[in-house]
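Asker: Quick one: this structure, given as structure tokens, is what I'll be asking you about.
Only the coordinates and a few stated rules stand behind these numbers; no lab work does. Note that this is a predicted model, so its numbers are computed, not measured.
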């Protein structure tokens, strides 16, 4: 089974849109066909971003997480420092958490810093893609 880490942008999209790919991945998780993992860092960033752009949806974060019951994994400062050698400082806690959780996939919309630079995926060993790309993969494999 795929273990996929949700960064703040992916979690944000699942809360903001009732019909997007991330919301569909939530359903795959609830059916036990996919394991979604988060970290406190990703959740906090999602809450900050929602507070800025959609303050009326901030309360939905807790509701969604209570409903999904995703695994939460938080890296140590040393694990973050190791990852910061090949990724941006802001993304190091995300990549470190995905690695600590032994995820195969990291779900994000951050093309500039995570998806497009091939060195992050190569160094980490993670498959870094958008929720839509993973959903398409799951549907193809099903």
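Asker: Based on a Kirkwood Rh over C-alpha pairs, give the Stokes-Einstein translational diffusion coefficient of the stretch 30-83 at 20 °C and viscosity 1.002 mPa s in µm²/s. Numbers along the way, then the final one.
Answerer: Working: Rh = 12.7 Å.
Answer from the Stokes-Einstein relation: 169 µm²/s.
Asker: Once you keep just the Cα pairs under 8 angstrom separated by 6 or more residues, what percentage relative contact order results for the chain?
Answerer: Details: 208 pairs, mean separation 40.8, N = 142.
Normalised by residue count, the contact order of the chain is 29 percent.
Asker: Over what distance in Å are the Cα centres of the stretch 99-126 and the stretch 29-64 separated?
Answerer: Their Cα centres are 19 Å away from one another.
Asker: Next question. Send over the semi-axes of the chain's equivalent ellipsoid, whole angstrom and largest first, taken as the square roots of 5 times the C-alpha gyration tensor eigenvalues. If you can, show how the numbers build up before the last one.
Answerer: Details: eigenvalues 93, 67, 38 Å².
They are 22, 18, 14 Å, listed largest first.
Asker: Between 89, 42, 97, find the one with the highest GNM mean-square fluctuation for the chain; connect C-alpha pairs within less than 10 Å.
Answerer: Checking each option, the largest mean-square fluctuation is seen for 89.
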